[in-house]
Amino acid sequence: MIRAYFNLPNWFSPKFGKYSWILQGVIMQNSKIVSKQKHIVLTSHPGGLASKPLSVHWGESEPSKRGPIIGTLTNPAHRNVIGTHSGSYSVYRALAVASGALQASHRADLTNTSPVVAIGPHPSWADANKIVALDPFGAMVGEAYADLYKQGYDIRPTIAITQAHINMPELQDAIAKGRLLVDGRIVKSGGSLVVTKIAIDPVWYLPGLAKRLKVGESDLRRALFQQTGGMYPELVTRPDLQVFLPPIGGITVYLLGDVAAITEPNRKLAVRVHDECNGSDVFGSDICTCRPYLVHGLEVCVQTAQEGGAGILVYFRKEGRALGEVTKFLVYNARKRQEGGDRADAYFSRTECVAGVQDMRFQELMPDVLHWLGITQIDRFVSMSDMKYNAIVNSGIKVINRIAIPEELIPADAQVEIAAKQAAGYYTEGSAPDAVTLTQIKGRNLVS
């Protein structure tokens, strides 16, 4: 049995009962010792460590002046953020350490991992109001903080940039029908697309995030602390730490065509912003338009790139409007089983009954990745979402044309979704259905 004691903040109280030792950091295990470290140092109050970590000055144009984002655990005294790297995967890292599969002290060997394509810097990187949900310097830490690496700082990239080929059966069909042309540069003979892929982990600048959402920073911190079950006490005890690495999914960006075209005003740019839908995107579920619209967005991006411009598909991990897949499937059941069947007029109300809210994606944060890419104008925005459109335009990016999903691509069972969204304000090239029409649009039963 191991016991580790240390000074505790006042709010760690014995009133938590016989399990208060968990909160007090006492490690007790009778059968297996999972770590050789015998003492845990809490960082839940300023001054808990001997040295002060490097400061982060969000909005500085130079990475050296802005300061690095250090969420690694190699040296607790170096940490200058709340949370740790890799979002929700940090929990799996903990399992690997606990099981002995991974050494807790492991440092990543970043040889040959630098970006294959340079992105930025752009003026938006130095605007603390434009980017608050990712680290604009996250892909260039090896170059920007070389001196700190030599001093022993364990700084990890939060953005990785590579290149690949992607292929989907629908793309081959588009080639066969003449909608896409094989050029050997963007579209290969087998239907594969040549893309630049960018993976981005979320990095939240809490003062800027609070301002963006129009809430007080203390209220935001308290809610984040409470709604994560108290996982991050520093949210409420460390106002000096202004950056949070949240345990959520990240973003993947697919770039088609010349990257330089993104910021050149005389070259066209197509953009599709897509939120994850595992059922449709991966398995082709026909209750929604997600996969058909995803593929159509890729087609428009390819066509724009082949015209000498560029295409961008941004994929957010926000399953079920960020309500989660379990909630989404519960809503499916509620919609299909309600009196009168799955009706367009009850589409959003059933979601609210289960989740308490229609949507938790907070599209206000979405344009940050577009600003990181240096986008100031979108010529073809492949989305019907009023929330996405408003967020982009309100952030200062100009949208020239909006492109709706073609009628022939809408699955039969997804007519409920598309009609409800059009009536709620989604972009449509025709007229939105009225209240009477909504009651007449129905989906199939659960088993049919």
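The values are calculated or read from the model by the stated rules, or taken from the named source; none is laboratory data. Every value quoted in this text rests on a predicted model; they were computed, and no experiment measured them. Using ideal geometry, Cβ is built from the backbone for each residue, glycine included, and neighbour counts are taken over all protein chains shown. Only protein heavy atoms, including side chains, enter the accessible area calculation; ligands, DNA and RNA are left aside. Shrake-Rupley method; radii C 1.70, N 1.55, O 1.52, S 1.80 Å.
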Mind checking which residues of segment 253-274 are open to solvent by 20 Å² or more (accessible area, probe 1.4 Å) and either of a type in the set (Ser, Thr, Tyr) or in a strand (DSSP E or B) (or both)? Tyr254, Gly257, Thr263
Just the residues that are part of a loop (DSSP other than H, G, I, E, B), basic (Lys, Arg) and at pLDDT below 95, please, taken from segment 294-337. Arg321
Look at segment 74-107 and say how many of its residues are over 23 Å from the mean Cα position of the chain (by Cα), touching a residue at least 24 places away in the same chain (Cβ under 8 Å), surrounded by 13 or more Cβ atoms within 10 Å (Cβ to Cβ) and part of a loop (DSSP other than H, G, I, E, B). 3
Counting only residues that are open to solvent by less than 30 Å² (accessible area, probe 1.4 Å) and under 30 Å from Ile69 (Cβ atoms), how many does segment 161-206 have? 9
Grab the helices (runs of 4 or more DSSP H) fully contained in segment 338-448, keeping just those with 1 or more residues being among the acidic types (Asp, Glu), open to solvent by 30 Å² or more (accessible area, probe 1.4 Å) and in contact (Cβ under 8 Å) with a residue 40 or more places away in the chain. 386-394
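Provide a single number: the residues in segment 59-73 that are surrounded by fewer than 22 Cβ atoms within 10 Å (Cβ to Cβ) and either in contact with an Asp or Glu (Cβ under 9 Å, 6 or more places away or on another chain) or in contact (Cβ under 8 Å) with a residue 24 or more places away in the chain (or both). Show your work before the answer.
Looking only at segment 59-73, we keep the residues that are surrounded by fewer than 22 Cβ atoms within 10 Å (Cβ to Cβ), and these are 59-67, 72-73.
Okay, now just the ones that are also either in contact with an Asp or Glu (Cβ under 9 Å, 6 or more places away or on another chain) or in contact (Cβ under 8 Å) with a residue 24 or more places away in the chain (or both), so 59-61, 63-64, 66-67, 72-73.
Qualifying residue count for the region: 9.
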Checking Asn129 against (1) without any contact (Cβ under 8 Å) to a residue 60 or more places away in the chain; (2) exposed (fewer than 15 other Cβ atoms within 10 Å of the Cβ); (3) of a type in the set (S, T, N, Q), which single condition isn't satisfied? (1)
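Can you tell which of Ile27, Ile33, Ile82 is at pLDDT 90 or above and of a type in the set (Val, Ile, Thr)?
Numbers: Ile27 fails: at pLDDT 90 or above; Ile33 fails: at pLDDT 90 or above.
After applying the criteria, what remains is Ile82.
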